[in-house]
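So the structure is just underneath, and the comments pick up after that.
The values are calculated or read from the model by the stated rules, or taken from the named source; none is laboratory data. Since the model is a prediction, treat every value here as computed from it, not as a measurement. Glycine also receives a Cβ, built like all others from the backbone with ideal geometry; neighbour counts cover every protein chain displayed.
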């Protein structure tokens, strides 16, 4: 029996899969409410009218720290061979530093806490991402990706919950987030007990020629995710401004509801797509289809400002793009584990894949500044649609290569 067949027949327990999905959702809850709402509130308290500029510095510094820490702690978890310990230490550090934010009396102190928090967050997330590769067989990676789609929705729901008027003050909100993160992540560390599959911990490469051949799908998967993440980062940062360029009456509450709907609706779609990929043995095909659909949505968004029913077309285009991109990113996270050839470097290599999450946030503001004043938001959406089509092409070739290999 081949290793591919053995992995296809192997099954991880539902208990571990569900606990892992809960922990992955907890990792999203650890940063989404904090970075989108709670940190800006604290920065405004300390910086006053200079809050936007200072928040930009904090976000930039945090993204750099996150990029380095994710690679570093992924490598450390590879080297030590004990991912659970690193996840636990990162969890404790994350919770502790969240609760230290109110103690910062100046921007320098707040920056130090943010950098420490980013280190702790990635100390938890990098080994947690690699842990799935150690214990989830290829035949369940589509299901894993579907379950991971709960994470963005969980982050958005928690943000809405902690900001309910009258529920809690700024400091108490941090306590609520910390408690939820602890409740989500700790169970998999205590009760996970995954079934072990030795074939998942063995390197697949036999020699230099095979190493070069195995690197091609990895590079294509990395580039495809980067292309889609650039589009996702642009829409995350400028969605409200873009809607208002079409209709000035659009409110931030309406945009938040649309965003929440997309994240929630993407969960069942990701689960269905992931299960189909497992059963059909076509792990990359849903990714290519999602990238193509995302390009269609972005194309509709590019045309929205030039038609009479612009707002309706803009809304439809964004929903199409948002659903496709959310499903894409969830399934991509799990299927990436399939193409990484070196089990002993899995955490480090996933850290390099994590750069596709942080780099777009660093380059997107400059790209927008260069394009929007000259070509408008329509030009930006057209460029993003082209990037999504590039991702589709890269993934189509990756899927064919994996079929030939198997």
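Check the range 215-225 and report whether any residue there is out of contact with any helix residue (DSSP H, G or I) (no Cβ under 7 Å at 6 or more places or on another chain), loosely packed, with under 15 Cβ neighbours inside 10 Å, in contact (Cβ under 8 Å) with a residue 60 or more places away in the chain and not assigned by TED's automatic domain parsing to the domain that holds residue 151.
Taking the range 215-225 first, the residues out of contact with any helix residue (DSSP H, G or I) (no Cβ under 7 Å at 6 or more places or on another chain) are 215, 219.
Applying the additional criterion that residues be loosely packed, with under 15 Cβ neighbours inside 10 Å yields 215, 219.
If we keep only those that are in contact (Cβ under 8 Å) with a residue 60 or more places away in the chain as well, we get 215.
Applying the additional criterion that residues be not assigned by TED's automatic domain parsing to the domain that holds residue 151 yields 215.
Yes, the conditions are met somewhere in the range 215-225.
Given the condition modelled with pLDDT under 90, in a helix (DSSP H, G or I) and not assigned by TED's automatic domain parsing to the domain that holds residue 131, answer yes or no: does some residue in the range 294-304 qualify? Before you say what the answer is, go through the steps one by one.
Keep residues of the range 294-304 that are modelled with pLDDT under 90, which gives 304.
In the following step, the residues that additionally are in a helix (DSSP H, G or I) were identified as 304.
Narrowing the set further to residues that are not assigned by TED's automatic domain parsing to the domain that holds residue 131 leaves 304.
So far as the range 294-304 goes, yes, one or more of its residues are modelled with pLDDT under 90, in a helix (DSSP H, G or I) and not assigned by TED's automatic domain parsing to the domain that holds residue 131.
Of the residues making up the range 156-207, those that are in a loop (DSSP other than H, G, I, E, B), touching a residue at least 40 places away in the same chain (Cβ under 8 Å) and over 25 Å from the mean Cα position of the chain (by Cα) are 193, 195, 196, 197, 202, 203, 204, 205. If only residues of the range 1-48 that are outside any helix (DSSP H, G or I) and at pLDDT 85 or above are counted, the one that is farthest from residue 106 (Cα to Cα) is 11.
From the list 239, 313, 285, the one residue that fits, being in the same structural domain as residue 339 (by TED's automatic domain parsing), touching a helix residue (DSSP H, G or I) at 6+ places or on another chain (Cβ under 7 Å) and closer than 15 Å to residue 384 by Cβ, is 239. Scanning the range 57-94 for residues that are farther than 23 Å from residue 190 by Cβ and under 18 Å from the mean Cα position of the chain (by Cα) returns 59, 60, 62, 63, 64, 65, 66, 67, 68, 69, 70, 71.
Rundown of residues vs (1) surrounded by fewer than 16 Cβ atoms within 10 Å (Cβ to Cβ); (2) over 22 Å from residue 345 (Cβ atoms); (3) assigned by TED's automatic domain parsing to the domain that holds residue 256; (4) in contact (Cβ under 8 Å) with a residue 12 or more places away in the chain, yes/no style:
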{"position": "36", "(1), (2), (3), (4)": "yes, yes, no, yes"}
{"position": "43", "(1), (2), (3), (4)": "no, yes, no, yes"}
{"position": "62", "(1), (2), (3), (4)": "no, yes, no, yes"}
{"position": "103", "(1), (2), (3), (4)": "yes, yes, no, no"}
{"position": "122", "(1), (2), (3), (4)": "no, no, no, yes"}
